[in-house]
Every structure is written in C-alpha cells, then in structure tokens.
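To start, the structure under review is shown below, and the notes come after it.
The values are calculated or read from the model by the stated rules, or taken from the named source; none is laboratory data. Just so it is clear, the model here is predicted, and its values are computed rather than measured. We place every Cβ from the backbone using ideal geometry, glycine too, and count neighbours over all the protein chains shown.
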Amino acid sequence: MKAVYDALYYDLTLKTVGIGIAVLLIVVHLLVLLRGEPAKAWLKALPRNERLGMAVLAFDFAWCFLVWSEMDLGEFFTIKKTVQMVMVFGFFGFGYYVREFLAVRAIGLLLILLACPVLNAAFLQPPATRLLLVFLAYAWIIKGMFYVGMPYLMRDGIDWVVAEPSRWRMGALAGLGYGVVLLLCAVMFY
C-alpha cells in the first residue's frame with residue numbers, strides 16, 4: 001500500500017498529470033460531441049444510479065483508507081486504528097442509509113480526493129501554465145463540496161445543460177478546448 005500512496009502523492013510529475021488529465025478531457029468531450037444522445041441519457045440517469053454510486057463510494061473508501069493508513073499522522077498516531085474502524089462503519093452506514101443521490105455524493109468525494117495529487121504535482125513548479133491544473137483542481141474541490149452537501153445541484157446542472165442543444169455543444173467544446181490547451185502546455189512547458 002505504501003507504494004501506491006507514494007506513487008499518488010510523491011511520484012507524480014506535472015507532465016504526467018497534465019497529459020493524463022488532458023487526454024481524459026479530450027476523450028470524454030469528444031465522446032460527448034460524437035455520441036450526444038446516449039451521453040445525455042446516461043447523464044440524466046447518473047444522479048440516481050445506486051450501483052455506480054456504491055462502486056464509486058467503495059473506491060473513495062479504499063482511497064481514504066489508504067491515505068489514513070499511510071500518511072504521517074504525527075501525534076495522532078494513537079487514534080489510527082480507531083479512525084480506521086470508524087471509516088469502515090461509515091462506509092457501510094453511508095452506503096445503507098444515504099441512498100438518495102448516492103452517486104452524486106460519491107462523485108463529489110472522488111473529486112475532492114482527485115484534487116490533492118494534482119495540486120501536489122503542480123506545487124512550486126516553474127511554468128505559469130501549471131495554473132491550468134491548479135484551477136481545475138480547485139474547481140473540483142468546490143464542485144465536490146457542493147455535490148456532497150447539495151447533490152440535487154448536479155441533477156439540476158445536468159437538466160440545464162441537456163435542455164438546449166447549444167448549451168450541450170458549448171459545454172462539450174469548452175471541455176475539449178481546455179483539454180487541448182492543457183495537452184499543448186503539458187507537452188511544451190511541463
């Protein structure tokens with residue numbers, strides 16, 4: 001587990017993170033442009049998809065458990081096992097009692113977890129274009145907090161984007177453009 005933790009939080013380079021996120025943005029937004037109707041149907045069903053919610057929640061739990069188990073806790077090392085048990089009970093309790101918008105809440109937690117490796121990779125790096133990644137990571141954090149606390153916002157946001165073809169196209173083109181710019185910066189400057 002230590003190797004996975006070190007790979008996530010210490011070994012990722014700015015170039016690796018930049019290229020990875022850029023390729024992901026490009027692929028997802030190209031699929032949205034090319035396969036619009038299936039993507040719209042999938043997105044509209046996403047907020048109430050309990051199976052996906054449980055899968056993402058299990059991934060979030062494993063990531064949180066990894067972080068708590070491997071990070072330097074300093075003077076809190078005495079409560080390490082207690083918190084691990086609380087996390088296990090919390091996972092099962094959250095999965096059982098919080099069925100409403102479970103997928104949205106789990107995705108919100110995942111966005112928050114994803115931001116840390118991105119910010120670590122960009123920390124004190126010289127190119128100013130690294131701020132493209134920093135901006136994206138902080139947007140994930142803010143979105144994640146809102147999705148966990150007010151999950152209906154994702155549903156409302158999806159309904160708003162899907163309602164007009166021009167909004168759908170502009171959103172897809174904006175994400176694709178951001179991915180292309182990020183890829184160019186990652187290849188040329190990082």
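Scanning region 134-152 for residues that are among the hydrophobic types (A, V, I, L, M, F, W, C), touching a helix residue (DSSP H, G or I) at 6+ places or on another chain (Cβ under 8 Å) and modelled with pLDDT of 95 or more gives 134, 136, 137, 140, 141, 145, 146. Any residue that is under 23 Å from residue 116 (Cβ atoms), touching a helix residue (DSSP H, G or I) at 6+ places or on another chain (Cβ under 9 Å), loosely packed, with under 14 Cβ neighbours inside 10 Å and touching a residue at least 24 places away in the same chain (Cβ under 8 Å) - is there at least one of those in region 68-86? Within region 68-86, one or more residues are under 23 Å from residue 116 (Cβ atoms), touching a helix residue (DSSP H, G or I) at 6+ places or on another chain (Cβ under 9 Å), loosely packed, with under 14 Cβ neighbours inside 10 Å and touching a residue at least 24 places away in the same chain (Cβ under 8 Å).
Taking first residues from region 123-136 that are part of a helix (DSSP H, G or I) and partners that are surrounded by fewer than 18 Cβ atoms within 10 Å (Cβ to Cβ) and of a type in the set (Phe, Trp, Tyr), the Cβ contacts under 7 Å between residues at least 6 apart in sequence or on separate chains come to 129/189. Residues in region 59-106 that are closer than 16 Å to residue 2 by Cα and outside any helix (DSSP H, G or I): 3 in all. When the residues of region 7-26 are filtered to those that are free of Cβ contacts under 8 Å to residues at least 40 places away in the same chain and surrounded by 12 or more Cβ atoms within 10 Å (Cβ to Cβ), which remaining residue is nearest to residue 70 (Cα to Cα)? Looking at residues that are free of Cβ contacts under 8 Å to residues at least 40 places away in the same chain and surrounded by 12 or more Cβ atoms within 10 Å (Cβ to Cβ), I get 11. Residues satisfying the criterion are absent from region 46-63 (criterion: farther than 28 Å from residue 175 by Cα and of a type in the set (Lys, Arg)). Of (1) surrounded by 14 or more Cβ atoms within 10 Å (Cβ to Cβ); (2) modelled with pLDDT under 95, residue 56 satisfies all except one. Which? For residue 56, the exception is condition (2). Can you work out which of the residues in region 37-91 that are among the basic types (Lys, Arg) and out of contact with any Leu (no Cβ under 8 Å at 6 or more places or on another chain) is farthest from residue 163 (Cα to Cα)? The residue in question is 81.
Would you confirm, using the coordinates I've provided, whether residue 142 is among the hydrophobic types (A, V, I, L, M, F, W, C), free of Cβ contacts under 8 Å to residues at least 24 places away in the same chain and either assigned to a helix (DSSP H, G or I) or surrounded by fewer than 16 Cβ atoms within 10 Å (Cβ to Cβ) (or both)?
So residue 142 passes the test.
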